[in-house]
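Accompanying notes for the structure given below.
Every number in this text was worked out from the coordinates using simple rules, so none of it is lab data. Everything quoted here is computed from the prediction, not taken from an experiment. Cβ placement follows ideal geometry from the backbone for every residue including glycine, while neighbour counts extend to all protein chains displayed.
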Amino acid sequence: MAEWHAEWYLSTLSHWLLVGAAMIGLMLATYAVLRRLKVRREAAAGYALILPWLLGFLIWNAYPFAYSLYLAFTEYDVLQPPKWVGLENFKYMFFEDPRFWPSVKLTVLYAFISVPLGMAGALATAVLLAQDVKAVGFWRTLYYLPSVLPAAATALLWRWMFASKGLINTLLSPIYRLLDMEPLMWFADERLVLPSFVIMSFWGIFGANTVILLAALKNVPKELLEAATVDGAGPWTRFFKITLPMISPSLLYVMIMGIIGALQNFTAPLFITTPSGAGTFLNVYIYQQGFTQYKMGYASAIAWFLMVLILILTLLVLRWSEAWVYYEVEVRQKRR
């Protein structure tokens, strides 16, 4: 066994060394060719140095992206070559698949509910952490921890908490007895699947979004707040008239990333079984179609629908942002 492990390690190491040597050779060849073409030394060196990233992008990102578009118009089960079927995948997806539209409804509603609530919670947490209190460093570290915890472990923890005899129902048991009602089934009840996932999303309030908004709050010019205070503006007026406009670009970023993340929610619903009538999140549905039922063509079609949906919602948010996002640089340029 030890000999087999040593042989496997040496084989893997040799492959890595060969790939590295080949990459260095390509970089040197690229530099030499560009220099022969009279490209400046700095530019030639720059192109040679980005060659590994460029090849990785073309091979591992651009090619699968383009190939998935082709697969969306084929019937492909991995074992047999793709068979061109035209628009049949999209026809089945829009008009015949009984699970597709419930999944779209669940995904979109989850995004529209969880993102605004998450932004409000992250902003409120950031405002609290921006105060000068004792041990503020400890509290900032504590509130950032959710962003570094494993998503799979967090999903399993929430599944246990939402179980019929889990922590949440145990805490709510006095209310159940008072109202003479049975404990809620949460993920086992079609009506409670969406609220359960929305409650889970509150876990994401703390973490990266809070840090981003905290940094934005720290960059609000104190001179503006002090001038407003001298003019008699109260805390709420200063917050809504000065603080919010000044941090609106950060709010826009958090909103767009939140929408993209919510529409691509995957890890938690993958570990949590829900009733079929409630649908599932589109990313999980794509995984189920492609890697459990081996319908790679149909999964690619759903993936492209999800990409177009994300693109449309992102463009709508960007267009809407013109009415409420304030950019100080633009104002200065207009004044000039």
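Separation of segment 73-137 from segment 214-292 is 14 Å, based on Cα centroids.
Applying 0.36 nm per residue to the separation of LYS105 and LEU54 and subtracting their alpha-carbon distance, the gain on full extension is 14.6 nm. Find which of VAL136, TRP186, LEU28 sits farthest along the positive direction of the dipole of the chain, computed with +1 on the beta-carbon of Lys and Arg, -1 on that of Asp and Glu, about the Cα centre. Comparing the listed Cα positions along the dipole, LEU28 ranks first.
Label-to-label distance, GLU322 versus VAL39, with points set 7 angstrom from Cα along the beta-carbon direction: 3.9 nm. For LYS295, the lysines whose Cα falls under 26 Å of its own Cα, not counting residues fewer than eight places away in the same chain, are LYS83, LYS91, LYS105.
Specify which labelled value, from (1) 41, 23, 17; (2) 29, 23, 20; (3) 40, 35, 24, agrees with semi-axes √(5λ) of the Cα gyration tensor in Å derived from the coordinates of the model shown. This structure yields the entry labelled (3). Amide H contacts for THR74 (H built 1.01 Å from N in the peptide plane; partners 5 or more residues away or on another chain; cut-off under 5 Å): VAL85.
Find how much the distance from LEU309 to ALA215 grows on full extension, using 0.36 nm per residue of separation minus their present alpha carbon separation; answer in nm with one decimal.
Details: separation 94, 0.36 × 94 = 33.84 nm, distance 3.05 nm.
Contour length minus the Cα-Cα distance gives 30.8 nm.
Taking label points 7 Å from Cα along the Cα-to-Cβ direction, LYS134 and LEU117 give a separation of 3.5 nm. Using R0 = 56 Å, the C-beta based FRET efficiency linking LYS83 and ALA152 works out to 0.95. Remark: LEU71, LEU318, LEU309 ranked as LEU318, LEU309, LEU71, counting other beta-carbon atoms within 10 Å and listing the fewest first.
With +1 on each Lys and Arg Cβ and -1 on each Asp and Glu Cβ, and nothing else charged, work out how big the dipole of segment 94-335 is about its Cα centre, in Debye to the nearest 20. Don't jump to the answer; show the numbers that get you there.
Details: 17 positive and 13 negative charges, 63 e Å.
In total the dipole reaches around 300 debye.
With the highest mean first, a sort of the peptides 218-227, 268-277 on other beta-carbon atoms found within 10 angstrom per residue produces 268-277, 218-227. Extension gain, ALA227 to GLU190: 0.36 nm times the residue separation minus the Cα-Cα distance gives 8.0 nm. When you filter the trypsin sites (Lys or Arg not before Pro) in segment 111-165 for DSSP loop state and at most 11 other Cβ atoms inside 10 Å of their Cβ, you are left with LYS134, LYS165. Annotation for TRP16 and THR237: the two label points, set 7 Å from Cα along the Cα-Cβ direction, are 6.4 nm apart.
Here the contact order of the chain, divided by its residue count and restricted to Cα pairs under 8 Å and six or more residues apart, works out to 26 percent.
How large is the dipole of segment 2-72 about the Cα centre if only Lys and Arg carry +1 and Asp and Glu carry -1, each at its Cβ, rounded to the nearest 20 debye?
It works out to roughly 660 debye.
Of the GluC sites (Glu not before Pro) found in segment 239-331, the ones in coil according to DSSP and having at most 14 other Cβ atoms within 10 Å of their Cβ are GLU322. When each of TYR31, TYR63 is scored by the number of other beta-carbon atoms lying within 10 Å, the sequence from fewest to most is TYR63, TYR31.
For LYS241, a cut-off of 21 angstrom between C-alpha atoms picks up these lysines, skipping any fewer than 8 places away in its own chain: LYS218, LYS222, LYS334.
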